[in-house]
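In what follows, a structure is listed as structure tokens, so that the remarks can point back to it.
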Amino acid sequence: MRNVKDLFDLSGRVAIVTGGRGRYGASIVLGLCEAGASVVIASRNGGACEEYAAELCALGHSAVGMSLDLSSDDSITALAGAVIEKYGRIDILVNNAVDRSNLVSVDGATREKLQASMSTNLNGQILLSQAVLPYMKKARRGSIINIGSMRGLDCPHFPFYPEAMREQAVNYTTEKWAMEGLTRFMAGRYGEYGIRVNSIAPGGFNPGLGDASEDGKKFVETYIEHCPLHAWAGEDDIKGPVVFLASDASAYVTGATVVMDGGWTIW
Ligand SMILES: NC(=O)c1ccc[n+]([C@@H]2O[C@H](COP(=O)([O-])OP(=O)(O)OC[C@H]3O[C@@H](n4cnc5c(N)ncnc54)[C@H](OP(=O)(O)O)[C@@H]3O)[C@@H](O)[C@H]2O)c1
């Protein structure tokens, strides 16, 4: 029987984290590094990813920054190739990036915006998974973690939003629900290769709404009051779920969603 610390150990594993310089992304990257993985931080601003990687390396971790645009097939293929060229393996993929520039309310929706958003936030995840799967299949192991949202389990609780904030993005909720279906599909399809696919459904993290406006402050107060744990997510909260799903500690877990929302979706 293996020691539990060994089960969580990611030494020698290589992880890609998309959007790894963003809010949740930075914590995900740090958590994987602290567990011993070599982490590829990837997003459109490759320079910012490289800077973050340099900070982590200065702390003794193993990380590199690379460019990735999830709306471009060539960029997706190039990233997978570059990671294999550098490390010769891909053990973990965290589909974390989100492009909010085409998120729209029902009233604001156009076919172009809906398609552009879906192209990056959902199809991009499928195509990046496609690009890493051959290496995982060959190794007969791998962990893909889709960062969904509590919005992929419910919908905005409209009565909690002040009137001026009711036009919430219809495609964010839609895409996040779709990621739950994608997670189960991929888990079912690739289990035979020893590849596990799971999702994490986080709650609100540092949304900045508190400083935004009176309405924003009101919403934050309502959120905290309603949330069973009476708080926004903190910077360490996603590290545990992601390391659990990335590591052998979750060897018999696939097609699952770790709900990390302070209890928001229980009622
Ligand atoms: N923050 C929350 O309250 C919250 C709550 C629930 C769930 N989530 C989920 O958690 C994940 C991370 O959210 P976040 O708030 O931490 O995001 P964020 O801070 O807005 O960061 C988004 C990241 O995605 C990257 N990105 C955007 N478009 C991209 C593209 N076309 N190709 C590659 N990378 C791209 C961005 O980097 P570049 O600009 O350099 O490309 C950035 O690093 C998302 O899946 C989100 O839905 C967040």
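Cross-link check: pairs Lys113/Lys176; Lys137/Lys239; Lys176/Lys239; Lys5/Lys138 evaluated at a Cα-Cα cut-off of 24 Å; pairs beyond the cut-off: Lys137/Lys239; Lys5/Lys138.
Using only side-chain charges placed at the Cβ, +1 for Lys and Arg and -1 for Asp and Glu, the dipole size of the stretch 51-149 relative to its Cα centre rounds to 540 debye. Within the stretch 1-129, the ratio Rg/Rh, alpha carbon atoms throughout and Rh by Kirkwood, equals 1.04.
Annotation: per residue accessible area for the stretch 105-161 equals 48 Å², rounded to a whole number [probe 1.4 Å, protein chains only]. Across the options Leu70, Tyr24, Met136, the greatest Cα extent toward the positive end of the charge dipole of the stretch 1-140 (unit charges at beta carbon of Lys, Arg, Asp, Glu) belongs to Met136.
Protein heavy-atom accessible surface, 1.4 Å probe, per residue over the stretch 219-263: 47 Å².
For the stretch 1-85, applying the loop criterion from DSSP together with a ceiling of 10 other beta carbons within 10 Å to the trypsin sites (Lys or Arg not before Pro) yields Arg2. Each label point was placed 7 Å from the Cα along the Cα-to-Cβ direction; for Phe158 and Ile84 their separation is 4.8 nm.
Of Val170, Pro156, Pro202, which is farthest along the charge dipole of the stretch 79-203 in the positive direction, counting Lys and Arg as +1 and Asp and Glu as -1 at C-beta? Among Val170, Pro156, Pro202, the one farthest towards the positive end of the dipole of the stretch 79-203 is Pro202.
Rounded to a whole number, what % of the accessible area of the chain do carbon and sulfur atoms account for, probe 1.4 Å? That share works out to 54 percent. Accessible surface area normalised per residue over the stretch 1-94 is 45 Å², counting heavy atoms of protein chains with a 1.4 Å rolling probe.
Candidate cross-link partners of Lys86 among the aspartates and glutamates, defined by an alpha-carbon separation under 16 Å and a same-chain spacing of 8 or more, comprise Glu50. Between Glu225 and Arg189, full extension at 0.36 nm per residue minus the direct alpha carbon distance yields a gain of 8.9 nm. Note on Lys113 and Lys217: the extension gain reaches 34.6 nm, defined as 0.36 nm multiplied by sequence separation minus the Cα-Cα distance. The sum of -39500 (n - 2.57) across all DSSP H runs of n ≥ 4, divided by the residue count of the chain, sets its helix-only mean residue ellipticity at 222 nm to -13000 deg cm²/dmol.
Angle of helix 214-226 to the longest C-alpha principal axis of the chain, folded into 0 to 90 degrees and rounded to 10: 70°. Expressed as a fraction of 2.2 N^0.38 Å, the value expected for a compact globular protein of N residues, the C-alpha radius of gyration of the chain is 0.99. Multiplying the residue separation of Ser62 and Arg23 by 0.36 nm and subtracting their alpha-carbon distance yields 12.1 nm. Anyone know which of Thr254, Thr110, Thr183 comes out most mobile in the 10 Å Cα GNM of the chain? Top of the fluctuation ranking is Thr110.
The values are calculated or read from the model by the stated rules, or taken from the named source; none is laboratory data. Everything quoted here is computed from the prediction, not taken from an experiment. FYI the Cβ positions are ideal-geometry reconstructions off the backbone, even for glycines, and counts take in every protein chain you see. The accessibility values were calculated without ligands, DNA or RNA, using every heavy atom of the protein model including side chains. Shrake-Rupley method; radii C 1.70, N 1.55, O 1.52, S 1.80 Å.
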